[in-house]
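The values are calculated or read from the model by the stated rules, or taken from the named source; none is laboratory data. For clarity, every value in this text was computed on a predicted model and none was experimentally measured. Cβ placement follows ideal geometry from the backbone for every residue including glycine, while neighbour counts extend to all protein chains displayed. All accessible areas refer to the heavy atoms of the entire protein, side chains included, with ligands and DNA or RNA removed. Shrake-Rupley method; radii C 1.70, N 1.55, O 1.52, S 1.80 Å.
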Amino acid sequence: KMRNFDADHQWDIYLGWSQLNLLKSCVQRFKRLQRTVGHGNFYLLSFDEAIRFARNYSRVGRFSREELDFLEMIFYFDASNYGFFGEKPLKRITDRIRRREVIKVPYSGNYLYKGRPVETYKEIKRDLGDRVVLTSGVRSVIKQFLLFLNKAYSNRGNLSLASRSLAPPGYSYHGIGDFDVGKVGLGADNFTERFTTTGVYRKLKELGYVKIRYPKDNLLGVRFEPWHIKVNSKA
């Protein structure tokens, strides 16, 4: 399943027909919210802040009671039912990223946690220079909601398929320190195995930065992610 992560497989978990409209409305509302607050701010937006912004900006529109119940169901559902066996570092839907604990990385549009994450990225930039770029840093519960639900929406509500590429909300280590890097100019291919053919990846591996959170053929139910820099030491 992980080698063919974007295919449907037997025993995959799908949303029911009655939930597909809620999936669609939540994804669309999150996208409107992201455009309203800006992509950078959206990376840090908490669940409570999202509800407040949506209520106060008519171009976003308030979340309905049914949408909020749906989001809570998604967050607190045991992801092992999807076939995702990673840990859940963020336990509460209201867990938030404290802005004083993060720093915006110039020219990337992303944030990193102060301390070991940002120091690790500085070391990588020092050793690899302008060839390497930060492709994804800190992600709030809300940002992970949009990524995960949008993937499910694009695949007819297949939550298992979505979880093979994107951690369900609460399960992403981007919420506590990990980040992604890529090769300048490679674009979307930085999130494919083509990244492993680049000099940037080979240098990262040679220098010992490659401590992959999701290695090839792992038993966590997640596709191979050679671009993911493991910072937090939790399993």
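Scanning region 178-198 for residues that are outside any helix (DSSP H, G or I), of a type outside the set (S, T, N, Q) and over 17 Å from the mean Cα position of the chain (by Cα) yields K183, V184, G185, L186. Apart from one condition, P106 fits all of (1) modelled with pLDDT of 95 or more; (2) open to solvent by 30 Å² or more (accessible area, probe 1.4 Å); the exception is (1). Identify the single condition in (1) over 25 Å from Y173 (Cβ atoms); (2) touching a strand residue (DSSP E or B) at 6+ places or on another chain (Cβ under 6 Å); (3) of a type outside the set (F, W, Y) that S25 does not satisfy, given that it satisfies every other one. Among (1) over 25 Å from Y173 (Cβ atoms); (2) touching a strand residue (DSSP E or B) at 6+ places or on another chain (Cβ under 6 Å); (3) of a type outside the set (F, W, Y), S25 violates only (2).
Within region 122-131, the only residue that satisfies the criterion of being closer than 22 Å to I176 by Cβ and either among the aliphatic types (A, V, I, L, M) or buried (at least 23 other Cβ atoms within 10 Å of the Cβ) (or both) is I124. Test I212 against the criterion of being in contact with a strand residue (DSSP E or B) (Cβ under 7 Å, 6 or more places away or on another chain), open to solvent by less than 50 Å² (accessible area, probe 1.4 Å) and under 30 Å from L71 (Cα atoms), and give yes or no. Considered against the rule, which asks whether it is in contact with a strand residue (DSSP E or B) (Cβ under 7 Å, 6 or more places away or on another chain), open to solvent by less than 50 Å² (accessible area, probe 1.4 Å) and under 30 Å from L71 (Cα atoms), I212 comes out as yes. Within region 49-98, track down each residue that is under 29 Å from K230 (Cβ atoms) and among the charged types (D, E, K, R). Across region 49-98, the qualifying residues are E49, D78, E87, K88, K91, R92, D95, R96, R98. Selection of first residues in region 54-77 that are over 21 Å from R92 (Cβ atoms) and β-branched (V, I, T) and of second residues that are open to solvent by 10 Å² or more (accessible area, probe 1.4 Å) and in a helix (DSSP H, G or I), restricted to Cβ pairs under 9 Å at least 6 apart or on distinct chains, gives the following pairs, ordered by first then second residue: V60/R29; V60/R32; V60/R35; V60/T36; V60/V37; V60/F53.
Kindly establish whether F77 is over 27 Å from Y209 (Cβ atoms) and either polar (S, T, N, Q) or open to solvent by 20 Å² or more (accessible area, probe 1.4 Å) (or both). Considered against the rule, which asks whether it is over 27 Å from Y209 (Cβ atoms) and either polar (S, T, N, Q) or open to solvent by 20 Å² or more (accessible area, probe 1.4 Å) (or both), F77 comes out as yes.
Restricted to region 50-74, and to residues that are open to solvent by 60 Å² or more (accessible area, probe 1.4 Å) and among the hydroxyl-bearing types (S, T, Y), which residue is nearest to the chain's Cα centre (by Cα)? In this case the residue turns out to be Y57.
Residues that are among the hydrophobic types (A, V, I, L, M, F, W, C) and either surrounded by fewer than 19 Cβ atoms within 10 Å (Cβ to Cβ) or over 10 Å from K143 (Cα atoms) (or both) within region 16-49 comprise W17, L20, L22, L23, C26, V27, L33, V37, listed in sequence order.
The single condition among (1) of a type in the set (S, T, Y); (2) within 26 Å of D12 (Cβ to Cβ); (3) in a helix (DSSP H, G or I); (4) open to solvent by 10 Å² or more (accessible area, probe 1.4 Å) that Y201 does not meet is (2). Kindly provide the set of residues from region 145-187 that are more than 24 Å from S108 (Cβ to Cβ), in contact with a helix residue (DSSP H, G or I) (Cβ under 6 Å, 6 or more places away or on another chain) and open to solvent by 10 Å² or more (accessible area, probe 1.4 Å), ordered by number. Passing the criteria: Y153, N155.
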